[in-house]
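S.K.: Let me give you the structure first, and then I'll get to my questions.
The values are calculated or read from the model by the stated rules, or taken from the named source; none is laboratory data. Quick caveat: nothing in here was measured; it's all calculated off a predicted structure. For neighbour counting, all protein chains shown are included, and Cβ atoms are generated from backbone atoms with ideal geometry for every residue, glycine included. Surface areas here come from the heavy atoms of the whole protein model, side chains and all, with no ligands, DNA or RNA. Shrake-Rupley method; radii C 1.70, N 1.55, O 1.52, S 1.80 Å.
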Amino acid sequence: MSAPTTPGPTLPAVSTSADSTRVPTSPVPDSPVSTSQGSATTATVTPTAAATTGRRRGGLLDWRVRFAILSVIWGFSFLLIKVGTEAYAPFQVALGRVLFGALALLTVLLVRREPLPRGLRTWGHLTVAALLLNTAPFSLFAYAELSIPSSLAGICNATSPLWGMALSLVALSEDRPTRRRFAGLGLGFLGVLTVLGAWQGFSGVDAKGTAFALLASLCYPIGWIYVRRTLAGTPGSPVALTGGQLMISTLQLALVSAVFTSAPTSFPLWPTLSVIALGALGTGMALQMQYGLVTEVGPTTAQMVTYFIPVIATTAGVLVLGEQLHWNTPVGAAIVLAGAALTQTRPGARRPA
């Protein structure tokens with residue numbers, strides 16, 4: 001997920017065609033399988049590569065157990081970001097996240113003896129994908145959590161399918177609008193207004209931090225649409241493509257951090273461990289688990305992890321960090337998720353007369 005990979009990362013929808021299968025990697029925290037983490041990132045592989053990936057993932061743990069672990073990892077990503085920002089600048093938290101995520105995936109590639117992607121064109125598109133799916137949203141979420149609760153950031157992350165549906169109607173000709181999907185879009189944004197307490201004039205909500213979190217969520221579907229148009233059918237495994245993407249994001253954030261932040265003078269234990277876990281688990285191991293789920297049980301089941309992330313993020317924020325919870329937060333989150341679910345529905349095949 002992205003997703004995230006994400007958090008993450010919401011998980012982007014896996015679309016199949018005659019020649020390619022799109023496997024999401026996420027935000028993405030923060031990240032999920034939908035039109036919109038989780039991370040957060042997206043790779044494109046051939047059916048043969050996807051099948052090979054699925055065979056390699058089979059095994060030790062039942063998919064339901066891996067599904068639960070993935071939900072917890074991505075749900076806790078927002079808590080880890082919050083703890084990380086207690087000692088490090090937001091750009092540094094994002095840098096640590098992609099660095100340790102890249103190291104985790106490169107380790108997998110080394111063990112499997114798989115090469116990184118080749119070709120200037122591929123690396124050029126991965127550079128843009130890294131900016132849209134990692135560098136920008138990871139930094140924005142870290143900045144957002146300087147002033148908003150981790151639970152609110154997790155709920156904002158759940159709006160990615162809504163943004164994705166709205167954008168796909170414009171950018172993707174195959175995604176045709178339906179009344180149900182329009183209803184989901186309206187319902188989802190009604191849920192956002194409920195979470196923010198619109199009837200109270202948004203009192204008690206930091207507008208800047210919330211805007212950063214919503215903007216981060218918008219970055220994911222923009223990135224997924226870009227990847228879908230430019231990297232579909234690119235040779236290579238999702239691990240190789242995502243590993244290369246995280247390497248580029250590491251370089252981007254290293255440059256930004258060097259220009260806009262000063263080097264840390266100390267490395268407190270818990271914030272440091274949080275950043276390491278955010279990268280190695282939430283942006284590294286979680287992506288591996290996500291690939292396995294998509295290939296083993298399919299995107300429809302795998303994308304359901306999206307709907308557990310804000311629930312776990314809110315629970316973790318309240319129980320671990322002592323964040324306050326008002327009635328409109330869980331109610332609004334439920335409305336957002338209901339709207340997101342409606343936007344992901346597709347018209348069923350017509351039965352022959």
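S.K.: I'd like to know if segment 56-63 contains one or more residues that are of a type in the set (A, V, I, L, M), part of a helix (DSSP H, G or I) and either farther than 20 Å from S160 by Cα or modelled with pLDDT of 70 or more (or both).
M.R.: Looking through segment 56-63, none of the residues is of a type in the set (A, V, I, L, M), part of a helix (DSSP H, G or I) and either farther than 20 Å from S160 by Cα or modelled with pLDDT of 70 or more (or both).
S.K.: Answer with yes or no whether S147 is open to solvent by 30 Å² or more (accessible area, probe 1.4 Å), farther than 30 Å from E296 by Cβ and not β-branched (V, I, T).
M.R.: yes
S.K.: Can you tell me which residue is nearest to P221 (Cα to Cα) among those in segment 295-353 that are charged (D, E, K, R) and at pLDDT 75 or above?
M.R.: Checked segment 295-353; the qualifying residue nearest to P221 (Cα to Cα) is E296.
S.K.: Could you please tell me which pairs satisfy a Cβ distance under 8 Å, a separation of 6+ or placement on different chains, a first residue in segment 114-133 that is farther than 11 Å from I248 by Cβ and small (G, A, S), and a second residue that is open to solvent by 60 Å² or more (accessible area, probe 1.4 Å) and at pLDDT below 95?
M.R.: Note: no pairs meet the criteria.
S.K.: Cβ contacts < 9 Å: first residue on the phi > 0 side of the Ramachandran plot and buried (at least 21 other Cβ atoms within 10 Å of the Cβ), restricted to segment 226-250; second residue at pLDDT 90 or above and among the charged types (D, E, K, R), any location; separation 6+ or different chain. Result?
M.R.: Matching pairs, first to second residue: G236/E114; G236/R118.
S.K.: Any chance you could count how many residues in segment 262-310 are of a type in the set (A, V, I, L, M, F, W, C) and either more than 22 Å from A142 (Cβ to Cβ) or open to solvent by less than 10 Å² (accessible area, probe 1.4 Å) (or both)?
M.R.: 12
S.K.: Still on this structure: Does segment 105-113 contain at least one residue that is modelled with pLDDT of 90 or more, surrounded by fewer than 24 Cβ atoms within 10 Å (Cβ to Cβ) and touching a Leu at 6+ places or on another chain (Cβ under 9 Å)?
M.R.: yes
S.K.: May I ask you to say which residue of G317, G279 is in a helix (DSSP H, G or I), among the small types (G, A, S) and either farther than 24 Å from P238 by Cβ or in contact with a Ser or Thr (Cβ under 9 Å, 6 or more places away or on another chain) (or both)?
M.R.: G317
S.K.: So, one more: What is the residue count in segment 286-307 for residues that are touching a Ser or Thr at 6+ places or on another chain (Cβ under 6 Å), under 26 Å from G188 (Cα atoms) and among the aliphatic types (A, V, I, L, M)?
M.R.: Number satisfying all stated conditions: 1.
S.K.: Can I ask one more? Considering only residues of segment 209-240 that are closer than 27 Å to C156 by Cβ and touching a Pro at 6+ places or on another chain (Cβ under 7 Å), which is modelled with the lowest pLDDT?
M.R.: W224
S.K.: Take segment 211-225 and flag every residue that is touching a Leu at 6+ places or on another chain (Cβ under 7 Å) and open to solvent by 10 Å² or more (accessible area, probe 1.4 Å).
M.R.: Matches in segment 211-225: F212, L215, C219, I222, I225.
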